[in-house]
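The values are calculated or read from the model by the stated rules, or taken from the named source; none is laboratory data. Keep in mind the model is a prediction, meaning the values are calculated, not measured. Here the Cβ positions follow ideal geometry from the backbone for every residue, glycine too, while neighbour counts run over all protein chains shown.
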Amino acid sequence: MRALDTLGMSVQAIARNKLRSFLTTLGIIIGVASVVAMVHLGQSATRSVTEQIASIGSNLLFVMPGTAQRGPGGLRTSAENFELGDVEAIRNEVAGILVAPALTTSATVVIGNANDTIPVIGTTNDYFAVRNHYLDYGREFEDSEQSAGAAVCIIGKTLIEEMFLGQEPLGANIRVGRTACRVIGVLVEKGESMGQDRDKIILMPVKAVQRRLVGELDVSAIYVSALVDGTTGLVQAQIESLLRQRRNPAAGGADDFYVRDTQDIAQTLESTTNTLTVLLGAIAAVSLLVGGIGIMNIMLVSVTERTREIGIRLAIGARARDVLTQFLVESIALSTLGGIIGLIVGVGGTWLVTWQLDMPFVVSPAVMAVGFTFSVAIGVIFGYFPARKAAMLNPIDALRHE
Amino acid sequence: MGPVNVGVSEISQSSPCVVEARDIYKIYGSGATEVRALDGVSLNIRAGEFVAIMGPSGSGKSTCMNILGCLDVPSSGEYRFRGVEVGGLNRDELALLRRNFMGFVFQSFNLLPRTSALSNVELPLIYEGVRPAQRHELAMQALTTVGLADRAHATSAQLSGGQQQRVAIARALVTEPPLLLADEPTGNLDTAMAGEIMKELVSIREQRGITILMVTHEPDIARYADRVLFFTDGKLVRDGTPSEVIP
């Protein structure tokens, strides 16, 4: 028997029962589509996290007060904030770095008729380079403004869109808390990150925030950027020993501050998204398995229904292996067809979701290859038992079957 | 494939007897519920003979035919087809024997549903591995022989009973087998149609010199044969020309 004829016979049998063939295939379509979509979406989320971390600045260290325990259920305790002196000490003692203090608060901002609560960061001109977030136009803080804590500010793009309503912001006076503040610069657009609008921000000289908004002479975080790649570990160690001396915690006690680098954060987030990907993929794989059982079910029904046909074929000279091949090819053809449609639906679904959620669209040939291979394998595995049942029929019993 | 071909090629054209059966038993169940469908049947059929098997229901005539057609295996006994002991062949070898040396015609036609007459006739050739072009030609020839060339693309449902049986005959003959087995070929047809089918079989036999073994319970149909075997209770009780056997 020629291979092409076997395939032809199976295609005929599938075409003869279009609705049933479609319903059989549907299980595989849904299975493959969900596996492909879930794993692709997981990869897309990982990629998105990595890209966002990179946009924060990859050699960035956050120095925060308090203690931070890693892992789930980690406890954060508060501790005293840093002083500007700590920032100066780090700048002077540790080589090859840029340092920016940050005193973060939020204030009610009034521009014209619009008002909103906006995060305000008191910092220095080093902020732009350290956080990889530069001026689009306007100017930086002048030294006199920084030392005097002048009421000047640099604003993010969202404020222009939402509050200035497109008017020219440079030179305008806005209300930040109870202070009238002059806009001297505008930051480049940075977009959203993990649900946070990074353009909804106001930068002011650190002393201005200390005196005019918070009323405390301290700093809530220190941002440090290592100038040379791969030195963050060393820089972190130096900062830790320096701050330990300066903050002088109770002997034998834990540090009352912690240093976290973006690599750490990236790894934590990536491992989280990877776990999610595996989990979702596993759930989707179960639906693929259910689809396979659906194929077996239909093929078994089909064998019973076509017992007489099998008898005729055996009577006119089909060997057991001819019948086996015919039914096996039929189930493989069904599952392969389902696999192909599933791939298209899965990739299409991924595209739709990433487009809607503004995530990077990732297509992995490996994932598609695995999804497709599995669908074919399911055709073989779940088709074999019914096909064998058909092939082992006794010709005369099959012919007498009603 | 090797041993299969060897087994089948041993079947020679020279043996005068196509079918030689000795002491064939077919027993279902055991003990008190034992049923002897065939109870020690011995018979010979020579090449070119047209033999009818008759008998009342349950006399074992169909069982005998299924065993001679290698669709079923006897419980005991010796069956030689063209000189080859069939008892020693496995499933696949029996399939090859049916494919190459036997054609089957059934009471209920047994065409594949929703399939054209042409495809039905082509089916045995597909299993033989004949290329499509040649397959079409041979199938059309066979359909022409039974006078249905113009209905080649009709499906079974679009054909009358007589036409369906002709397609089945074409399918049985397309591989040019030396033995044609017909199980009540006219059982589902009216008298006029039955007569036509029988004339068809007689003319095919005259043209091709094929051996025909036919099961029937109708004396009128059996009279077309040149020899009649009469079965009762699993035993062959009479064997002779139609006029001798049929009262």
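The rows are residues; the columns are (1) free of Cβ contacts under 8 Å to residues at least 24 places away in the same chain; (2) farther than 25 Å from B:Ala117 by Cα.
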position	(1), (2)
B:Leu138	no, no
B:Leu143	no, no
B:Arg151	no, no
B:Thr155	no, no
B:Gln158	yes, no
B:Glu176	no, no
B:Leu189	no, no
B:Ser203	yes, no
B:His217	no, yes
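Only residues that are among the aromatic types (Phe, Trp, Tyr) and within 14 Å of chain B (Cβ to nearest Cβ) were counted in segment A:1-56, giving 0. Within segment A:289-299, is there a residue that is closer than 30 Å to B:Gly129 by Cβ and in contact with a Lys or Arg (Cβ under 6 Å, 6 or more places away or on another chain)? No, that holds for no residue.
When each of A:Glu305, A:Glu330, A:Glu309 is tested for being in contact (Cβ under 8 Å) with a residue 12 or more places away in the chain and more than 34 Å from the chain's Cα centre (by Cα), the lone residue that passes is A:Glu330.
Per the conditions (1) assigned to a strand (DSSP E or B); (2) at pLDDT below 90; (3) not hydrophobic (A, V, I, L, M, F, W, C), the sole criterion not satisfied by A:Lys190 is (1). Scanning segment A:284-302 for residues that are without any contact (Cβ under 8 Å) to a residue 24 or more places away in the chain and either of a type in the set (A, V, I, L, M, F, W, C) or closer than 25 Å to A:Met38 by Cα (or both) turns up A:Val286, A:Val301. What pairs come up if the first residue lies in segment A:237-252 and is in the same structural domain as A:Ala89 (by TED's automatic domain parsing) and modelled with pLDDT under 85, the second is not aromatic (Phe, Trp, Tyr) and not in a helix (DSSP H, G or I), and their beta carbons are under 7 Å apart, counting only those six or more places apart or on different chains? Listed by first residue and then by second, the contacts come to A:Arg247/A:Asp256; A:Pro249/A:Asp255; A:Pro249/A:Asp256. As for segment A:383-399, it holds no residue that is β-branched (Val, Ile, Thr), touching a helix residue (DSSP H, G or I) at 6+ places or on another chain (Cβ under 6 Å) and outside any helix (DSSP H, G or I).
Restricting to segment B:68-118, and then to whatever is assigned to a strand (DSSP E or B) and buried (at least 23 other Cβ atoms within 10 Å of the Cβ), can you tell me which residue is nearest to the other protein chains (Cβ to nearest Cβ)? Working first, answer last.
Step one: of segment B:68-118, the residues assigned to a strand (DSSP E or B) are B:76-81, B:84-85, B:102-105, B:116.
Now narrow it down to the ones that are buried (at least 23 other Cβ atoms within 10 Å of the Cβ): B:81, B:102-105.
Values: B:Phe81: 14, B:Met102: 8, B:Gly103: 8, B:Phe104: 5, B:Val105: 10 Å.
This residue is B:Phe104.
State the number of residues belonging to segment B:42-67 that are among the β-branched types (Val, Ile, Thr), crowded, with 24+ Cβ neighbours inside 10 Å and more than 14 Å from chain A (Cβ to nearest Cβ). So the answer is 1. Considering the conditions (1) assigned to a helix (DSSP H, G or I); (2) out of contact with any Ser or Thr (no Cβ under 7 Å at 6 or more places or on another chain); (3) within 14 Å of another protein chain (Cβ to nearest Cβ), A:Thr275 is excluded by exactly one of them, (3). Filtered by the rule that a residue be away from chain A (no Cβ under 14 Å), of a type in the set (S, T, N, Q) and in a helix (DSSP H, G or I), segment B:134-163 gives B:Gln141, B:Thr144, B:Thr145, B:Gln158, B:Gln163. Within segment A:175-189, the residues that satisfy the criterion of being crowded, with 16+ Cβ neighbours inside 10 Å and under 37 Å from the mean Cα position of the chain (by Cα) are A:Val176, A:Gly177, A:Val183, A:Ile184, A:Gly185, A:Val186, A:Leu187.
Tell me which strands (runs of 3 or more DSSP E) are completely within segment A:81-147 and hold 1 or more residues being of a type in the set (Phe, Trp, Tyr) and touching a Gly at 6+ places or on another chain (Cβ under 9 Å), or say none if there are none. Full working, then the answer.
Working: elements: A:97-111, A:114-123, A:135-138.
Passing ranges, in order: A:135-138.
Only residues that are modelled with pLDDT under 80, over 18 Å from A:Ser271 (Cβ atoms) and crowded, with 17+ Cβ neighbours inside 10 Å were counted across segment A:57-78, and they come to 2. Of the residues in segment A:337-355, none is over 17 Å from A:Ser34 (Cβ atoms) and either of a type outside the set (A, V, I, L, M, F, W, C) or not assigned by TED's automatic domain parsing to the domain that holds A:Leu19 (or both).
Being within 8 Å of another protein chain (Cβ to nearest Cβ) and in contact with a Ser or Thr (Cβ under 7 Å, 6 or more places away or on another chain) is not true of B:Arg131.
The number of residues in segment A:170-186 that are over 14 Å from A:Leu135 (Cα atoms) and either modelled with pLDDT of 90 or more or of a type outside the set (D, E, K, R) (or both) comes to 11. A:Ser271 meets the stated requirement of being surrounded by fewer than 21 Cβ atoms within 10 Å (Cβ to Cβ), of a type in the set (Gly, Ala, Ser) and out of contact with any Cys (no Cβ under 9 Å at 6 or more places or on another chain).
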